[in-house]
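Trainee: Mind looking over this structure? Questions follow.
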Amino acid sequence: MCDMDLDAVTKHSALHAKPNGLILQYGTAGFRMKAEHLDHVMFRMGLLAALRSKQTKSTIGVMVTASHNPEEDNGVKLVDPLGEMLAPSWEEHATCLANAEEEDMQSVLMDISEKAAVDLQQDAFVVIGRDTRPSSQKLSQSVIDGVTVLGGQFHDYGLLTTPQLHYMVYCRNTNGQYGKATIEGYYQKLSKAFVELTKQAFCTGDEDRSLKVDCANGIGALKLREMEHYFSQELSVQLFNDGTKGKLNHLCGADFVKSHQKPPQGMEMKSNERCCSFDGDADRIVYYYHDADGHFHLIDGDKIATLISSFLKELLLEIGESLNIGVVQTAYANGSSTRYLKEVMKVPVYCTKTGVKHLHHKAQEFDIGVYFEANGHGTVLFSKAAEKKIRELAKELEDKKRKAAEMLENVIDLFNQAAGDAISDMLVIEAILALKGLTVQQWDALYTDLPNRQLKVKVADRQLISTTDAERQAVTPPGLQEAINDLVKKYKLSRAFVRPSGTEDIVRVYAEADSQESADSLAYEVSVAVFQLAGGVGESPKPGL
């Protein structure tokens, strides 16, 4: 059975030795931590990627990035054959392998191979990408060491956005049918679809299509700069925080703008100019602008999902095709967005647990599934049957209907297989705004967000809290949900929920209501209930924090 050179694995593993007592968990975004602690993890994920490649007889991707985390962190995530996130059973193998002590490495590798029925004679091929962090190149080399010690072949793409690596994996496993597995192939595919989609828009004479982009001092700046000449006649992009000075994700980027509700440093904004921010590995995007009075307006993932799903619904009506479209949200989605989609747009909305893998999985149940977390991480998924149908209709239909089908076809080509791609999201948004003649203020005015507040409560043991109904209802401890229900009744247009953090002993509290004062007050009262009923530690929550 043993076709692994286990002695070679042991020898190489000693060069990437694991610090004693370090325990890691493969989360939604793989492993993330301070870069200096990751060498052994990278080597082992190279081993795991080679095994996964042998098992699936496909190319597997390894991305070296810590996304929106600070520059001194790094991380790694594996990409499965169709450009999707690693299968849950292999997340368990990843955790097991990352935590194995040096003397147990051989037995853990053999155990994974047996459990997953890996044919060790099979060839392995792994593609690798990395972001711009100072630590990424060296950590990529550790991945390569892991792949090659198991006899795997590899292609190192070097600097890529995370979604571009997903694209490369999918292209290689569909023999080029999806696109060319090169960076030019990616640029050409997306740009061609964008230019085609916006053709109709520029008959209107509105030539002022410019956008300011905050690239978080990350990889998005390099790639957008390489790509912009492909679409510069349709859209002019001005890049800020492009990595020439300033640290990755420091006081800039999508996560900063979303959590601080203010523009990034280094961005000059005139009133009513369209601006957007990527995160460090360019898989999230949020939009924003200053109004004439200088007030900051954030346009988050909820409003992005609303704009895109409304547009798709209109095109489906135009072609008279009854493909089912669904929008997937989490409990954090603003209640106004849910109401607008259901009541105004008549688009069905579904709620899942927090975490992009839950949203992605649910979105796969529809002909067209749209999901965006409020933080701007999201995409549109077209089922194979829906894609086939739309491409057929684009050839068969007459005039106006054919145009609508062709537009849907271009949207399909703009969304790659990744769970979120800031560049493709940006191009789709820009195309829709141009086609509908919408200004950034008009888009923002589709509905008004309900005021909301998020708080954290420290507890002795977060596992005391369990939830159901996509985390919107607390099951334990006893009495907590009843207390929340009673508090919610006191405020207009209100709701609140609590959920345990996935990584630390805190409980997250979310509340919304008809005014900021009410939302703040409700969040505080719910925090007190959590503190009292779920074993709060330290100081009791205070109002106004």
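Quick grid of which residues meet (1) in a helix (DSSP H, G or I); (2) without any contact (Cβ under 8 Å) to a residue 24 or more places away in the chain:
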position: M4; (1), (2): no, no
position: S13; (1), (2): yes, no
position: G21; (1), (2): no, yes
position: M45; (1), (2): yes, no
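Trainee: Could I ask something else about it? In region 47-66, which residues are touching a helix residue (DSSP H, G or I) at 6+ places or on another chain (Cβ under 7 Å), assigned to a loop (DSSP other than H, G, I, E, B) and either of a type in the set (V, I, T) or at positive phi (or both)?
Mentor: Selection gives T65 alone.
Trainee: Those residues that are in contact (Cβ under 8 Å) with a residue 60 or more places away in the chain, buried (at least 20 other Cβ atoms within 10 Å of the Cβ) and aliphatic (A, V, I, L, M), I need them from region 62-85; list them, please.
Mentor: Once the filter is applied, which keeps residues that are in contact (Cβ under 8 Å) with a residue 60 or more places away in the chain, buried (at least 20 other Cβ atoms within 10 Å of the Cβ) and aliphatic (A, V, I, L, M), region 62-85 yields V62, M63, V64, A66, V76, V79, M85.
Trainee: Is there a residue being in a strand (DSSP E or B), open to solvent by 30 Å² or more (accessible area, probe 1.4 Å) and modelled with pLDDT of 95 or more anywhere in region 380-403?
Mentor: The answer is yes; a qualifying residue exists.
Trainee: Can you work out which of the residues in region 52-61 that are touching a strand residue (DSSP E or B) at 6+ places or on another chain (Cβ under 9 Å) and of a type outside the set (G, A, S) is surrounded by the fewest Cβ atoms within 10 Å (Cβ to Cβ)?
Mentor: The selected residue is T59.
Trainee: Y510 - would you say it is open to solvent by less than 40 Å² (accessible area, probe 1.4 Å) and in a strand (DSSP E or B)?
Mentor: Yes, satisfied.
Trainee: Tally the residues that are assigned to a loop (DSSP other than H, G, I, E, B) and either more than 29 Å from L298 (Cβ to Cβ) or of a type in the set (D, E, K, R) (or both), restricting the search to region 466-482.
Mentor: 6
Trainee: Right, another one. Determine whether K403 is farther than 25 Å from G83 by Cα and either touching a Phe, Trp or Tyr at 6+ places or on another chain (Cβ under 7 Å) or in contact (Cβ under 8 Å) with a residue 12 or more places away in the chain (or both).
Mentor: When the stated conditions are applied, K403 passes them.
Trainee: Has region 2-14 got any residue that is buried (at least 24 other Cβ atoms within 10 Å of the Cβ) and either under 17 Å from the mean Cα position of the chain (by Cα) or farther than 15 Å from E101 by Cα (or both)?
Mentor: Scanning region 2-14, I find no residue that is buried (at least 24 other Cβ atoms within 10 Å of the Cβ) and either under 17 Å from the mean Cα position of the chain (by Cα) or farther than 15 Å from E101 by Cα (or both), so the answer is no.
Trainee: Kindly provide the set of residues from region 406-457 that are in contact with a helix residue (DSSP H, G or I) (Cβ under 6 Å, 6 or more places away or on another chain) and part of a strand (DSSP E or B), ordered by number.
Mentor: N452, R453, L455, V457
Trainee: Restricting attention to region 25-43, which residues are over 24 Å from D421 (Cα atoms) and outside any helix (DSSP H, G or I)?
Mentor: Selection gives Q25, K34, L38.
Trainee: Going through region 441-485 one residue at a time, which ones are in contact (Cβ under 8 Å) with a residue 12 or more places away in the chain, closer than 30 Å to F415 by Cα and more than 23 Å from the chain's Cα centre (by Cα)?
Mentor: Residues satisfying the conditions are Q441, L446, Y447, T448, L450.
Trainee: Determine which single condition F531 fails, assuming it passes every other condition in (1) within 10 Å of V457 (Cα to Cα); (2) of a type in the set (F, W, Y); (3) in contact with a Phe, Trp or Tyr (Cβ under 8 Å, 6 or more places away or on another chain).
Mentor: (3)
Trainee: Hey, among the residues in region 100-127 that are polar (S, T, N, Q) and open to solvent by 30 Å² or more (accessible area, probe 1.4 Å), which one's nearest to P163 (Cα to Cα)?
Mentor: Result: Q122.
Trainee: If I filter region 261-304 down to residues being within 19 Å of the chain's Cα centre (by Cα) and without any contact (Cβ under 8 Å) to a residue 60 or more places away in the chain, which single residue comes out as surrounded by the most Cβ atoms within 10 Å (Cβ to Cβ)?
Mentor: In this case the residue turns out to be Y288.
The values are calculated or read from the model by the stated rules, or taken from the named source; none is laboratory data. This one's a predicted model, so the numbers in the text were calculated from it and none came from an experiment. Don't worry about glycine lacking a Cβ; one is built from the backbone with ideal geometry, like all the others, and counts go over all protein chains shown. Keep in mind that these areas ignore ligands, DNA and RNA; they rest on the heavy atoms of the full protein, side chains included. Shrake-Rupley method; radii C 1.70, N 1.55, O 1.52, S 1.80 Å.
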